[in-house]
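**Q** Quick one: this structure, given as structure tokens, is what I'll be asking you about.
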Amino acid sequence: MENHFVTSKLIRVSLHEVENQLELSLRQAFENLQPKLRPPFSLELPDPQEYLELNKAIVYGVLCEPNSSKTHIKHLHALVTDGYAFFTSLLIGIVVELYVKLVDSAKIQLIWVTKEMIDVSSVGIEDLVVSLLRRIGISLFLEKWECLLDDSPLVLTSALYSFLRLLADHYRVLGVVKLENVKRLEIKFCVKMFREQLHLSLKIGRDLILLLQDLSHVSEFREIWNDLVSNHCSEIYQLKTSSRYFLLRITPEMETQLRFLLGNVKLGSHKRHQIWFLKKFLLGPEKETLLIDIVRFVCCVIHPTNEIIRSEIMPRWAIIGWLLELCRQNHHIERSVMLALFYDWLFFDERIDNIMNVEPAALLMVWSIPQYPHITHSLLEFLLHLVETYDITRRDTIVRGLTSAFREIERKGVIRSLDIFLANPALAPDLKKKLANLLSCHQEKTVHVNLNQVSVLSKQTVLSSEANLKDCSTKIVDTPDQKLDNSVENPAKNHKVELFKEFIRPSR
Amino acid sequence: MQLFLKDIVPAAQNNIDTRFIILDKAKSSAANGKNYCIALAADETAAVHIQLWGDECDAFEAGDIVKLTNGIFSYVRNSGLILRAGKRGKMEKMGEFTVAFVETPNISEIQWIPDPENPKRYIQSGVVSAYSRIFPPLP
């Protein structure tokens, strides 16, 4: 059978590829309605179905016919009845699903039409701009500053998060002329945000400090850093960063694959998926810094249900163990990844923080003990080192946060007892002593501990029926003093421990 | 109707519609002036050896999800039981990564005999190997 090959004006298509349904529907609408897309335009109101088709046709026209794009947009302005909601949703679909395949001219047009939608404050513009933020650079945000500030201030905080994160990477690469220009624009935008919209900037929450830390050596940020550290640090630490920010440095393709890996792939059948993910996203210069973003994303965005936790599906701690193994050669990245893993522990407050953000690190430390005590050791050592060095002026805050995190993972039944750390012969005595001091457990415990004392979140954990979609998080609901019944053991547990040995070997 | 790989039976006609993910691919060889290569494919139910022909060899990589229309599963000399598009079928990439799969049973590593009750049909008579002998599972 011959492959029916259609060349698209919108996307690059390879020979043996299923026709993309979104592209097909836009192209067909454009072809069917072509006579109606040229002036003079009909004065009759289209019926609902034709309205949708006209929107599709205009999207295709705008992206594929740059010379006629202004005419197409005028047409859209004349017929719009839904605040541009459907038109904007089509653009979001294109950004999420087709962006990597778009021909270059269509990418340019996409930016142009997004600016048009910002000007008319279209319904859904925030989602469109944030989707684009996961794909493109800076120019849009400087150009449309005023409009965005009035209508979509949260988009600007997303842009600030994104560009601060990118700047840290860009400063690792020196002497690339094109990058120097981008860096200058990014700095201009970020400094403008801090100078003119500090209250908005602070809404990012505690991860703002993490981002700025990597830029404190940059002259333009030194003053901002000093000001934040001396005047705003305590309040920022108390503000949990919304999970929507952690999506910004993860492309939709990466997000899809990570969600699939942690929601569908069984531990033991994971190796090929692991290799494919590595080859596609993590090989190549400067890709290692993505590990930081992936760890924040896995901890703070992907919150599996109890059903998944109890199944043999790949647990988050195993993925993180593998990611840590991948950056062993680069100590700077390794430390940054570990900080990303433990960051929420430092300021943990059970009233506002989600136990699921600290669960992966806790379980990684626990499951590593039988065969990989050195992993548990290095993680605990790093964590205790943070207490002494991370922010000396606010050491009390950090001690309170860490203690609170440890107590909460025990109280919620993530682990059966902290004795797994405090009384484990596999861990160094000085480490146990430091931890005991931190937790104010001054007497040495002598309880014999084995792995059966460890339990994952149990069946009795009640999941909130209305997961807050904005926060993408599964909250665990229980009464303040209720101790979870850990009688339900995980049938996949021993299997997981054995497989972990294979899992963390990096596929370099 | 789209078949799971476990439900595919050898036959001499192009009537198999299925989808799978490519797990591994051997180096290309040449025959009759055209490239071909053997690959390992799988879905949630089974694995199978597939043959990529001509420009299909470069079009598909490990991790690609492939839709096969009007494919044929039959014996190919020197290669054993192979699933392929043949002249009347087509293979198209429809995505990447997002298929959970198993590597055993491998239906190319099964011995088939004519069904005594219906000689035009084949039934399984034994397992040659649980896994592919060309593409052993990852250690």
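The values are calculated or read from the model by the stated rules, or taken from the named source; none is laboratory data. Fair warning: this is a prediction, and the values are worked out from it, not measured in the lab. Cβ placement follows ideal geometry from the backbone for every residue including glycine, while neighbour counts extend to all protein chains displayed. Only protein heavy atoms, including side chains, enter the accessible area calculation; ligands, DNA and RNA are left aside. Shrake-Rupley method; radii C 1.70, N 1.55, O 1.52, S 1.80 Å.
**Q** So what J values fall out for the range B:124-139 if you push phi through Karplus, 6.51 cos²θ - 1.76 cosθ + 1.60 with θ = phi - 60°, rounded to Hz, Gly and Pro as x?
**A** Computed from phi, the couplings for the range B:124-139 are 6, 10, x, 9, 6, 8, 5, 10, 4, 8, 7, 10, x, x, 5, x Hz.
**Q** Separate question: Put A:Ile313, A:Ile392 in order of accessible area, largest first, 1.4 Å probe: what do you get? Mind showing how you got there, number by number?
**A** On the way: A:Ile313 30, A:Ile392 125 Å².
So, going from the largest accessible area down, we get A:Ile392, A:Ile313.
**Q** What number, rounded to the nearest 500 deg cm²/dmol, is the helix-based mean residue ellipticity at 222 nm of chain B, given -39500 (n - 2.57) per DSSP H run of at least four residues and division by all its residues?
**A** Values: 1 runs with 4 residues, N = 139.
My calculation for chain B gives -500 deg cm²/dmol from helical runs alone.
**Q** Tell me, what is the 1.4 Å probe accessible area of A:Leu283, in Å² to the nearest 10?
**A** Answer for A:Leu283: close to 80 Å² accessible.
**Q** Could I get the Rg over Rh figure for the range B:66-139? Both from C-alpha atoms, Rh via Kirkwood, rounded to two places.
**A** Working: Rg = 14.5 Å, Rh = 14.4 Å.
Reported Rg/Rh, Kirkwood definition of Rh: 1.01.
**Q** So what's the range A:248-443 giving for Rg/Rh, alpha carbon basis, Kirkwood Rh from the mean inverse pair distance? Mind showing how you got there, number by number?
**A** On the way: Rg = 16.6 Å, Rh = 17.4 Å.
Looking at the range A:248-443, the ratio lands at 0.96.
**Q** A further question follows. Can you give me the solvent accessible area of A:Ser121 with a 1.4 Å probe, rounded to the nearest 10 Å²?
**A** Surface accessible to solvent at A:Ser121 totals approximately 50 Å².
**Q** To continue, here is another question. May I ask you to evaluate 6.51 cos²θ - 1.76 cosθ + 1.60, the Karplus curve with θ = phi - 60°, for each residue of the range A:208-213 and list the ³J(HN,Hα) values in order in whole Hz, giving x for glycine and proline?
**A** 4, 5, 4, 5, 6, 3
**Q** Considering only Cα-Cα distances, which of the following residue pairs are longer than 21 Å: A:Lys279/B:Lys67; A:Lys101/B:Lys27; A:Lys279/B:Lys34; A:Lys287/B:Lys67; A:Lys36/A:Lys56; A:Lys266/B:Lys27? Intermediate values should be presented prior to the final figure.
**A** Numbers: A:Lys279/B:Lys67 23 Å; A:Lys101/B:Lys27 28 Å; A:Lys279/B:Lys34 29 Å; A:Lys287/B:Lys67 32 Å; A:Lys36/A:Lys56 13 Å; A:Lys266/B:Lys27 29 Å.
Distance filter (> 21 Å) returns A:Lys279/B:Lys67; A:Lys101/B:Lys27; A:Lys279/B:Lys34; A:Lys287/B:Lys67; A:Lys266/B:Lys27.
**Q** Regarding the range A:1-136, what is the average projected area of its C-alpha convex hull, in nm²?
**A** Working: hull surface 34.1 nm².
Mean orientational projected area (the range A:1-136, Cα hull): 8.5 nm².
**Q** Report, by chain and number, residues whose modeled amide H sits under 5 Å from the one on B:Leu83, excluding near sequence neighbours (fewer than 5 apart, same chain).
**A** Amide H neighbours of B:Leu83: B:His49, B:Ile50, B:Gln51.
**Q** Further question on the same structure: In sequence order, what are the phi-derived ³J(HN,Hα) couplings for the range A:428-439 according to the Karplus relation 6.51 cos²θ - 1.76 cosθ + 1.60 with θ = phi - 60°, rounded to whole Hz, with x for glycine and proline?
**A** Those phi angles translate into 4, x, 5, 5, 5, 5, 4, 5, 4, 4, 4, 8 Hz.
**Q** So if I restrict to the alpha-carbon atoms in the range A:274-321, what is the Rg, and what is Dmax, the biggest pairwise distance, in Å?
**A** That works out to 12.4, 38 Å for Rg and Dmax.
**Q** Just B:Gly86, B:Gly54, B:Gly33 to compare: in a GNM of chain B, with alpha carbon springs under 10 Å, which one fluctuates most?
**A** Evaluated over chain B, the most mobile residue of the options is B:Gly33.
**Q** Could you tell me how far the Cα centroid of the range B:61-77 sits from the Cα centroid of the range A:241-289, in Å?
**A** Result: 27 Å between the Cα centres.
**Q** Out of all Cα-Cα pairs in chain B, roughly what percent, to the nearest whole number, are more than 21 Å apart?
**A** 37 percent
**Q** Under 5 Å between amide hydrogens, which residues at least 5 positions from B:Trp112 or on another chain qualify, with H placed 1.01 Å from N in the peptide plane?
**A** It is B:Ser125, by chain and number.
**Q** For the protein assembly as shown, what is the largest minus smallest coordinate of the Cα atoms on each principal axis, given in angstrom and ordered from greatest to least?
**A** For the protein assembly as shown, the Cα extents along the three principal axes come out at 79, 72, 51 Å.
**Q** Another question about this same structure. Do any GluC sites (Glu not before Pro) in the range A:15-88 lie in a loop, going by DSSP, with at most 11 other beta-carbon atoms within 10 Å of their beta carbon, and if so which? Don't skip to the answer; put the middle values down first.
**A** Numbers: sites: A:Glu17, A:Glu19, A:Glu23, A:Glu31, A:Glu44, A:Glu50, A:Glu53; in loops: A:Glu19, A:Glu44.
The qualifying sites are A:Glu44.
**Q** I would also like to ask the following. Taking Rh as the Kirkwood radius computed over C-alpha pairs, what is the Stokes-Einstein D of the range A:147-239 at 4 °C in a medium of viscosity 1.567 mPa s, expressed in µm² per second? Intermediate values should be presented prior to the final figure.
**A** Numbers: Rh = 13.5 Å.
D = 96 µm²/s.
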